[in-house]
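Notes to accompany the following structure.
Nothing in this text is a laboratory measurement; each read-out follows from the coordinates by a stated rule. What you see is a predicted model; the values in this text were computed from it and never measured. Cβ placement follows ideal geometry from the backbone for every residue including glycine, while neighbour counts extend to all protein chains displayed.
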Amino acid sequence: MGFNKAFNDLAKSFSKFPGVGRRSAERMAFYILKMKPEEVKDMALKMEEIHNHIKPCSLCNNFSTKDICSICSDPKREKDVICIVEEPKDIMAIEKTSRYRGLYYVLLGSISPIEGINAENLNLQKLINRLEKKEIREIIISTDPDNDGEITAQYLIKLLSSYDVKIYRIAIGVPLGTQIEYIDSATLGQALTERKAIA
Ligand SMILES: [Zn+2]
C-alpha cells in the first residue's frame, strides 16, 4: 500500500470521530506518524481493551466492566427512582452535580426525525420490564434540552403515563438547543432539584 492510500485511510477513520472534520482528521493522522512506535502500540491496545472489557450494564445500559454497573449495584442508591438519559456521558455529567441518588436508564440515543431514528429504535424494553414489575416509583426524564431530546421526552411521557409512576422532566425550561453534557454542574444540579412534575 502506498503512503497516500495508507494516510488517507487513517484520516478517514479519524474523521468518523464526533466533531472531527477532514482537516482535524489529517492533523491526527500526521500526529500518529510522528509518534514513537511503542506509543502507537499502546494507544491501539487501549482502544482494543476498552472494547473488549466495557459493555452495557444489563440493567441500565451504562458503560460497565461487569454485568451490572457500579451505580446499579450500589446499595446506597434509591432503587425506585430512575433518571432517563440519552447517553452514558450524561450520567457522568449528572453524577458530578452530587444532587442525585437514584438510578439511571440510558436510551443509547434519542428520537431524531431528521436522522430517521424513531421510537422503535430506542432501547426501552429493560425499563418497561421494571415498570411492569412495579419496581419504580419515580422517573425523571433528562433527555437533552434540544429538538430531538424534547421529542423523545414527549414520547416517553406518553408511554410512561400508562404506568403507575410519578413522571418528572428535568427543569432546564424551554429547549435551549444544548446537551446535558455541556451544562455546567451548578445549573444541572439546580435543574434536577427543580424538576417539573408531569404526571
Ligand atoms: Zn447499571
Inset, instruction - Give me the pairs, please: first residue somewhere in the stretch 12-41 and of a type in the set (D, E), second residue anywhere and surrounded by 12 or more Cβ atoms within 10 Å (Cβ to Cβ), beta-carbon distance under 6 Å, and either six or more positions apart or on two chains. - result: E26/A11
Inset, instruction - Consider M47 carefully, then state whether it is farther than 30 Å from R130 by Cβ and surrounded by 11 or more Cβ atoms within 10 Å (Cβ to Cβ). - result: no
